[in-house]
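Here's the structure, in structure tokens; my notes come after.
The values are calculated or read from the model by the stated rules, or taken from the named source; none is laboratory data. Values in this document were obtained by computation on a predicted structure and should not be read as measured data. Here the Cβ positions follow ideal geometry from the backbone for every residue, glycine too, while neighbour counts run over all protein chains shown.
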Amino acid sequence: MKHPVVIVGAGLSGLHAASKFTDKGIPCRVLEARDRIGGRALSATDPNRPDWGNFDLGATWFWPQYENTIVKTVEALHVETFVQYTEGAMLAEQSHQEAPKRFVLPDNPNALSMRFKGGVQSLIDAIADRIPQRVIERNTQVKAIQIDKEDSIVIETELTDEKREKIFASAVILALPPRIIANHIEFSPSLSSSLHNALLDKATWMAGQAKAVAIYDRPFWRESGLSGFVSSRVGPLQEIHDASPEHGCGALFGFIGIPAKIRKELGENEIKEMIIDQLSRLFGDDAQNPETILYKDWSNDIETAVEDDWEPLRNFPIYGPEKIIGQWQDKLFFAGTESDSQFGGHLEGALRSAETAVDEIINLKN
Ligand SMILES: Cc1cc2nc3c(=O)[nH]c(=O)nc-3n(C[C@H](O)[C@H](O)[C@H](O)COP(=O)(O)OP(=O)(O)OC[C@H]3O[C@@H](n4cnc5c(N)ncnc54)[C@H](O)[C@@H]3O)c2cc1C
């Protein structure tokens, strides 16, 4: 190959694709708009207590009974995992007027959710460690992709200092949300209108969501027989889970049930106060003073969400690969979780779509 394969996006999918090419000795470059890798896999620490470890603000779980590719990857990379804490009763909050009700759920070994020790960042870092450092270029936003007169692929990037750079590629893997591709990258020649519209139609999984993690010195709710799992119609958190590390401090995470537009009006501080009220209502006075609340509103993140993602999803979107015909055929390949028809939306889908794109390119070059 005259030029490397260029992978756009250093989320789980792009990184996995790069590690597969590296294993096979095929030159590649990964271009990443953010100053960090991982995309929707994001772990953060409590700034006051970094010793308490990482907490997930994006993806948290995988499901080993169904998801073979992530199991294989985790085992190959020796990433340590543990079972989501679910012992004890759950709480259901129906209305402001009624006290939360306590239920004990039956054990369901088929619903086993696994977490990563050190957060999902451990998986991202383990994959990135397999790729030579120079391959991943951060702060490099892809703005345009062209086919020039010599039929070469030319990628135009913008760096943080607004400097533009041109990069030649033998093939391009787009490992980023379809709506981000359609809204932020200019193609010359243009993508067919049916392909462009299909990309716009594919809602980015979880892009309209916000997640909060309240961190405490210990998982005190377990002392009163509670699992930390809550389903709430009152909010602001509509679904809460134990997010404590395997040992040590305690944490509860929740998805915020307030639509993105209203969240923007309320602002982060007001929402955090509402969260503390809710956690105190559910778990008592111990919940009143978290060490910190980590908060991430993905709808504000321009590398993940576009305005169309602000509307709450009514149904699970239909995900899967897009067919490319015409001049872009055999030049452009889609990865990213939304490109996988079976596990689209999940970490598993990000890994599977990367493997599909890598195989397609290898088969083409042979
Ligand atoms: C709150 C939340 C909770 C979730 N929970 C789970 C869970 O528990 N289990 C699960 O399996 N999945 C979960 N998911 C989904 C999971 O995070 C995703 O499926 C997965 O991380 C997607 O990986 P990806 O590589 O396909 O895309 P992304 O992670 O979105 O990566 C795309 C990358 O492309 C980069 N990029 C964007 N534009 C450009 C550009 N123009 N130029 C260069 N780079 C660009 C981005 O910065 C990003 O790094 C959750 C997601 C969220 C947000």
Checking the conditions here, which among GLU98, GLU75 is part of a helix (DSSP H, G or I), out of contact with any Ser or Thr (no Cβ under 7 Å at 6 or more places or on another chain), more than 12 Å from the ligand (Cβ to nearest atom) and acidic (Asp, Glu)?
GLU75
Being among the acidic types (Asp, Glu) and either touching a His at 6+ places or on another chain (Cβ under 8 Å) or surrounded by 24 or more Cβ atoms within 10 Å (Cβ to Cβ) (or both) is the filter here, so list the residues in the stretch 11-51 that pass it.
GLU32
Can you work out which of the residues in the stretch 78-95 that are away from the ligand (no atom under 16 Å from the Cβ) and polar (S, T, N, Q) is surrounded by the fewest Cβ atoms within 10 Å (Cβ to Cβ)?
SER95
Condition broken by TYR216, with the remaining ones in (1) out of contact with any Cys (no Cβ under 7 Å at 6 or more places or on another chain); (2) modelled with pLDDT of 95 or more satisfied
(1)
Being of a type in the set (Lys, Arg), within 15 Å of the ligand (Cβ to nearest atom) and at pLDDT 95 or above, is that true of even one residue in the stretch 21-28?
no
Out of LYS202, LYS143, LYS163, LYS149, sole residue that is buried (at least 20 other Cβ atoms within 10 Å of the Cβ) and either in contact (Cβ under 8 Å) with a residue 40 or more places away in the chain or of a type outside the set (Asp, Glu) (or both)
LYS202
Within the stretch 335-348, residues being of a type in the set (Gly, Ala, Ser), more than 6 Å from the ligand (Cβ to nearest atom) and in contact with a helix residue (DSSP H, G or I) (Cβ under 8 Å, 6 or more places away or on another chain) number 3
Selection count, the stretch 78-95, where residues are over 20 Å from GLY225 (Cβ atoms), touching a strand residue (DSSP E or B) at 6+ places or on another chain (Cβ under 9 Å) and in a loop (DSSP other than H, G, I, E, B):
3
For the stretch 213-234, what are the residues that are under 22 Å from SER43 (Cα atoms), out of contact with any Asp or Glu (no Cβ under 8 Å at 6 or more places or on another chain) and part of a strand (DSSP E or B)?
ALA214
Any residue in the stretch 119-139 that is in a strand (DSSP E or B), in contact (Cβ under 8 Å) with a residue 12 or more places away in the chain and among the charged types (D, E, K, R)?
yes
Matching entry among THR69, THR60 (being within 13 Å of the ligand (Cβ to nearest atom), buried (at least 19 other Cβ atoms within 10 Å of the Cβ) and within 24 Å of GLU291 (Cβ to Cβ))
THR60
Of those in the stretch 235-269 that are of a type in the set (A, V, I, L, M) and under 21 Å from the mean Cα position of the chain (by Cα), the residue surrounded by the fewest Cβ atoms within 10 Å (Cβ to Cβ) is ILE258
Among the numbered criteria (1) under 30 Å from ARG281 (Cβ atoms); (2) within 16 Å of the ligand (Cβ to nearest atom), which single criterion is violated by ASP125?
(1)
Just name the residue that is farthest from the ligand (Cβ to nearest atom) out of those in the stretch 317-334 that are more than 23 Å from ASN363 (Cα to Cα) and of a type outside the set (Ser, Thr, Tyr).
ILE318
Any residue in the stretch 20-38 that's farther than 15 Å from HIS3 by Cβ: show its pairings with residues that are within 7 Å of the ligand (Cβ to nearest atom) and not small (Gly, Ala, Ser) at Cβ separation under 6 Å, as long as the two are six or more apart or on different chains.
ALA33/GLN141; ALA33/GLU303; ARG34/GLU303
Filter the stretch 182-212 down to residues that are assigned to a loop (DSSP other than H, G, I, E, B) and within 8 Å of the ligand (Cβ to nearest atom) and give me whichever is farthest from PRO312 (Cα to Cα).
ILE185
Among the residues of the stretch 116-135, is any in contact with a Gly (Cβ under 8 Å, 6 or more places away or on another chain) and at positive phi?
yes
TRP61 vs. criteria aromatic (Phe, Trp, Tyr), without any contact (Cβ under 8 Å) to a residue 60 or more places away in the chain and over 27 Å from THR140 (Cα atoms):
yes
